[in-house]
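The block underneath contains the structure these notes are about, expressed in structure tokens.
Read-outs: derived from the displayed coordinates by stated rules, not from any lab. Because the structure is predicted, anything quoted here is derived from the model rather than measured. Here the Cβ is made from the backbone with ideal geometry for all residues, glycine too, and neighbour counts use every protein chain on show.
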Amino acid sequence: MDFSATRALFDLPDGICYLDGNSLGPQPRAAASAAARALGEWQGQLIGGWNGAGWMDLPVALGAAIAPLIGAAPDTVVVGETLSIRVHQALMAALDLRPERTEIVTDSGNFPSDIYIAAEIARRRGLTLRVVAPDAVETALGPQTAVLMLTEVDYRTARRHDMARLSARAHEVGALALWDLAHSAGAVPLDLAGAGADFAVGCTYKYLNGGPGSPAFLHAAPGLIEAVTPALPGWLGHAAPFGFDMDYAPAPGVARMRIGTPPVLQMAALQGALTVWKGLSMTEVFATAQGLAQRLIDGVAARAPALRLASPEDPARRGSHLAFAHPEAQAIMRAFIARGLVGDFRAPDIVRLALTPLYIGPADIDRALDIIAEVMTSRAWEDPAFAASAGPVT
Ligand SMILES: Cc1ncc(COP(=O)(O)O)c(C=O)c1O
């Protein structure tokens, strides 16, 4: 597949080699025009925009647009809130479906927000949160496990869990499987339906390019959600929100996981951003990303060997970013950014770079390698301007 056409769909600043890994996708031109259109609707339609411009339906419409990108049925995904809130909602729902059980199992590769939320829920409910090593997850599952809660692609190393195998193993012991797809959606081919995920959540500001603060999604397997009373029963998750009934009655399906007023301007930007995926195959996006990753791995090994690959070597076992470890990773990333190569630093020692074929090609990797080699050979990162005291890196 030729991705030169998709690159033209993005508005990237000149002179920047954007391998951010991936905290924020760049701006699709269609996101900007969709956001401008929504501003115009607000100006012209005022309150009438909720129905006249379809604002009220955006959470469900966006869910249907994201569903094919994650291998889910259209009516099993809803958009809105932040990912942290979605983690809370999905975990509470899953725990309610296994009331007799006492444990949540997760791993040390999970994102801090997920772990903090699970720990607090466990504390309030008198449950045990077991945080085990990523390769010990399978053996940690047992008859007391209520929920297996994992982030599929590790935000630091890109190590990818086997969703189908671990979900099946969770089901074997009678538990439910909840997957955080923050670093998966738009990065790797996903088949939630085939993999047997019970719940999944993810953000849209990374590989889905919805913009800073773009809302999150929640997926519930068909059939499961009808038994869930949401832990946050907001009025827009009610079956008849404008009946203003004093008693809560959940909306049919996953729409019950809506809470309150949707962020229309962000959602409009996301709606535009999602149009760039039209006609693309995730399998080809991922295969191309892995070709770019290999080019970067080989180049770094040859020209900057002090940066040690901290991601799995096998492309089948990792997501769409690469982690390189170095004790001075923070200063090194600052030196890269000063030269136009934008990536992330992740404490304590990770340089993180994402391979995103929609807007990154082989020439960008070669330019990145020139910058990496120059910085590492000249030890430019030793410049005091790049020291930790200079403030946070992305
Ligand atoms: C895996 C994972 N889960 C949860 C979060 C938290 O997302 P949010 O800040 O949108 O709530 C992040 C943020 O990067 C993440 O990477």
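The residues T151, T128, T275, T288, when put in order of fewest to most other Cβ atoms within 10 Å, stand as T128, T275, T288, T151. Farthest toward the positive end of the dipole of the stretch 264-337, out of Q266, W277, P312, is the Cα of Q266, where the dipole comes from beta carbon charges about the Cα centre.
When only the Cβ of Lys, Arg, Asp and Glu is charged (+1, +1, -1, -1), the dipole of the chain relative to its Cα centre reaches about 240 debye. Counting other Cβ atoms within 10 Å as a rough exposure proxy, the listed residues M163, M333 run M163, M333 from fewest neighbours to most.
Contact order, relative form, for the chain: 22 percent (alpha carbon pairs under 8 Å, 6 or more residues apart, mean separation divided by residue count). Only helices enter the 222 nm calculation for the chain: every DSSP H run of n ≥ 4 contributes -39,500 (n - 2.57), and dividing by all residues gives -11000 deg cm²/dmol, rounded to 500. Residue separation of E284 and A373 scaled by 0.36 nm, minus their Cα-Cα distance, works out to 29.1 nm of gained length. Considering only P99, P134, P250, the mean-square fluctuation computed in a Gaussian network model of the chain, springs between alpha carbons under 10 angstrom, is largest for P99.
Comparing A175, A249, A354 in a Gaussian network model of the chain where C-alpha atoms under 10 Å apart are linked, the largest mean-square fluctuation is found at A249.
Legend: ranking of residues D135, D14, D180, D162 from fewest to most surrounding C-beta atoms inside 10 Å; resulting order D14, D135, D162, D180.
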